[in-house]
1. Just want the answer: with Cβ charges of +1 for Lys and Arg and -1 for Asp and Glu, which residue in Pro10, Ile82, Tyr61 is farthest toward the dipole's positive end in the chain?
2. Multiply the residue separation of Ile82 and Leu11 by 0.36 nm, subtract the distance between their alpha-carbon atoms, and state the gained length in nm to one decimal.
3. Can you list the lysines whose alpha carbon is less than 17 Å from that of Lys77, not counting same-chain residues fewer than 8 positions off?
4. To the nearest 10 degrees, how steep is helix 25-83 against the longest Cα principal axis of the chain, on a 0 to 90 scale?
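Please treat every number below as a calculation from the coordinates, not as lab data. All of these numbers come straight from a predicted model, not from anything done at the bench. Positions of Cβ are backbone-derived with ideal geometry, glycine not excepted, and every protein chain shown enters the neighbour counts.
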Amino acid sequence: MKGSPQKEAPLTLAPFMEFYEKTIEPRLSHLMDDRISVLENKMNGHFDDLYKTFETLEQEYVVIKGQLKRIDQRLDKIDLQISY
């Protein structure tokens with residue numbers, strides 16, 4: 001017989017956790033930070049676009065409101081002219 005079988009050390013979670021904490025987690029953390037940063041930039045860009053659109057719509061609303069007021073004033077004048 002070629003030597004006696006060696007008794008294997010029991011597997012524990014500690015070495016795997018140490019490997020994860022020292023090797024895997026820092027890399028994943030860096031990758032996730034980069035992806036989150038890219039996502040934040042995209043979201044901020046979309047919000048900027050939305051705010052610009054709302055600003056344009058608000059300006060158009062103010063213009064339309066002013067024009068409707070002038071139309072109402074003209075109609076009031078026409079009503080007065082027709083009434084007499």
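1. Value computed over the given set: Pro10.
2. Values: separation 71, 0.36 × 71 = 25.56 nm, distance 9.98 nm.
Result: 15.6 nm gained on full extension.
3. Excluding near neighbours in sequence, the set is Lys69.
4. On a 0 to 90 degree scale, this one is about 10.
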